[in-house]
1. List the helices (runs of 4 or more DSSP H) that sit entirely inside the stretch 1-64 and contain at least 2 residues that are modelled with pLDDT of 95 or more and not assigned by TED's automatic domain parsing to the domain that holds residue 250.
2. Looking at residue 215, is it surrounded by fewer than 23 Cβ atoms within 10 Å (Cβ to Cβ), in the same structural domain as residue 266 (by TED's automatic domain parsing) and in contact with a strand residue (DSSP E or B) (Cβ under 6 Å, 6 or more places away or on another chain)?
3. Quick check on my filter: what residues within the stretch 490-520 are within 30 Å of residue 21 (Cβ to Cβ) and not in a helix (DSSP H, G or I)?
4. Within the stretch 364-379, identify whether any single residue is without any contact (Cβ under 8 Å) to a residue 24 or more places away in the chain, over 30 Å from residue 290 (Cβ atoms) and out of contact with any strand residue (DSSP E or B) (no Cβ under 6 Å at 6 or more places or on another chain), and answer yes or no.
5. Given (1) farther than 30 Å from residue 245 by Cβ; (2) modelled with pLDDT of 95 or more; (3) touching a strand residue (DSSP E or B) at 6+ places or on another chain (Cβ under 7 Å), where does residue 331 come up short, assuming only one miss?
6. Sort through 157, 153, 137, 199 and tell me the only one that's assigned by TED's automatic domain parsing to the domain that holds residue 41 and touching a residue at least 60 places away in the same chain (Cβ under 8 Å).
7. Would you say residue 269 is buried (at least 22 other Cβ atoms within 10 Å of the Cβ), touching a residue at least 40 places away in the same chain (Cβ under 8 Å), farther than 21 Å from residue 343 by Cα and more than 20 Å from the chain's Cα centre (by Cα)?
8. Given the conditions (1) in contact with a helix residue (DSSP H, G or I) (Cβ under 7 Å, 6 or more places away or on another chain); (2) in a loop (DSSP other than H, G, I, E, B); (3) at pLDDT below 95, which single one is not true for residue 92?
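The values are calculated or read from the model by the stated rules, or taken from the named source; none is laboratory data. As the structure is a prediction and not an experimental result, all values here were calculated from the model. Cβ atoms come from the backbone with ideal geometry, glycine included; neighbour counts cover every protein chain shown.
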């Protein structure tokens with residue numbers, strides 16, 4: 001429905017209700033509807049799931065069409081990110097949001113900062129999804145409000161051509177609302193708990209849920225030690241629970257991202273159930289580190305499994321956990337991924353210890369031998385030392401090629417002394433093209449950075465504090481913040497407008513007409529930024 005047809009339709013409704021509705025203006029209602037395109041989170045989830053499915057098909061046709069996101073821990077951060085994307089690139093196409101469980105734990109828990117161990121309130125996750133979309137919808141309302149005011153000005157001037165141009169822009173407006181890939185950790189409990197939380201996250205607007213194969217009550221950050229995985233059937237129950245949640249809520253094309261932490265997880269809490277050789281439970285147990293046992297030498301408290309007709313004792317730690325054989329991580333990852341895709345997952349996430357295209361691509365190639373269109377979501381994690389990793393990768397490649405490395409010490413490559421060297425320049429170029437190269441060579445459909453805005457907030461605050469509380473004083477803020485906001489066209493330099501003051505003025509005028517007491521008059525100091 002176009003802007004004009006919406007006005008006409010609303011006008012008929014007002015007319016049908018007679019004199020009591022005479023004070024309601026149809027065009028004002030049409031504007032409010034345009035500014036609130038998504039009344040509920042389910043409207044958002046259905047809309048964004050279709051976008052993601054289309055993007056997945058586009059990637060299958062051309063790996064250059066990969067997608068990206070940045071992790072957000074507050075609605076304002078998400079809003080400013082999408083406003084910046086529209087300003088710099090003109091479109092939000094192939095750009096998403098990521099909601100990180102790590103940042104919810106560290107920044108949004110009522111307990112205060114917590115490690116990424118599923119100790120935070122699980123209700124914080126759907127609450128943050130709802131918050132992110134509230135801010136994105138407000139970005140729509142703010143931008144459209146400006147377009148409506150420009151339309152009124154064009155009409156006042158009698159400039160019909162400009163008025164038609166603006167109406168066309170309104171009819172073809174691109175929303176700031178984009179898909180969110182949301183972290184449900186390990187489900188915060190059993191399959192039923194996973195299902196209940198998934199429903200809340202979907203109701204809040206999430207079209208894609210990412211779940212990992214760790215034990216819920218032993219869950220660790222993917223880049224820390226001590227990770228414990230579960231047998232495949234336990235994980236598949238949770239994948240099925242999420243699919244049921246999507247279908248119950250009417251988001252039948254919702255996306256499930258199955259994450260495996262097996263590469264860095266050497267422990268399991270359970271021995272898998274197995275009924276016959278070669279079944280999934282048997283394959284899982286085959287990775288256990290076991291010692292053959294002589295039945296005559298059984299000791300107290302031992303647990304046994306049979307393997308190839310032999311009695312085997314899995315190595316059990318004082319924590320009551322069992323350990324896997326060393327060097328089996330990649331094989332376990334491949335089995336995890338194939339199994340997840342065969343049982344309802346749509347995308348994979350392999351948590352790695354370093355950003356290495358060869359390592360990721362090697363596993364993906366094995367997965368694609370069974371499932372040719374397997375695709376990954378990949379964590380371009382701040383837990384990696386990107387500079388050191390890529391300088392070492394270049395060093396090793398040059399060494400293999402027989403280049404002279406006499407000017408370099410591999411153990412010191414992070415040093416600023418190397419910043420201008422050919423090695424550092426090549427490493428930076430590999431970092432720059434990492435996402436494009438990995439999308440092409442390693443099956444990565446979606447690249448995300450989990451915690452970027454956590455780090456940028458810390459860095460920018462440190463720089464401001466150093467300058468403001470130091471010799472620069474107020475100039476430390478004006479020169480480094482406000483002046484740059486003005487010159488770079490950062491929308492929130494007019495912070496009253498960003499917080500919704502002009503939207504509120506519009507509503508006051510709708511509700512009170514000439515009696516409206518508006519904030520945006522000549523004495524509003526935000527007018528000082530009009531030239532900006």
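1. Because the criterion is at least 2 residues that are modelled with pLDDT of 95 or more and not assigned by TED's automatic domain parsing to the domain that holds residue 250, the helices (runs of 4 or more DSSP H) in the stretch 1-64 that meet it are 3-16, 26-35.
2. In short, yes.
3. Those that are within 30 Å of residue 21 (Cβ to Cβ) and not in a helix (DSSP H, G or I): 500, 516, 517, 518, 519, 520.
4. Looking for residues that are without any contact (Cβ under 8 Å) to a residue 24 or more places away in the chain, over 30 Å from residue 290 (Cβ atoms) and out of contact with any strand residue (DSSP E or B) (no Cβ under 6 Å at 6 or more places or on another chain), one finds at least one in the stretch 364-379, hence yes.
5. (3)
6. 137
7. Numbers: buried (at least 22 other Cβ atoms within 10 Å of the Cβ): no; touching a residue at least 40 places away in the same chain (Cβ under 8 Å): yes; farther than 21 Å from residue 343 by Cα: yes; more than 20 Å from the chain's Cα centre (by Cα): yes.
No, not satisfied.
8. Here residue 92 clears every test but (3).
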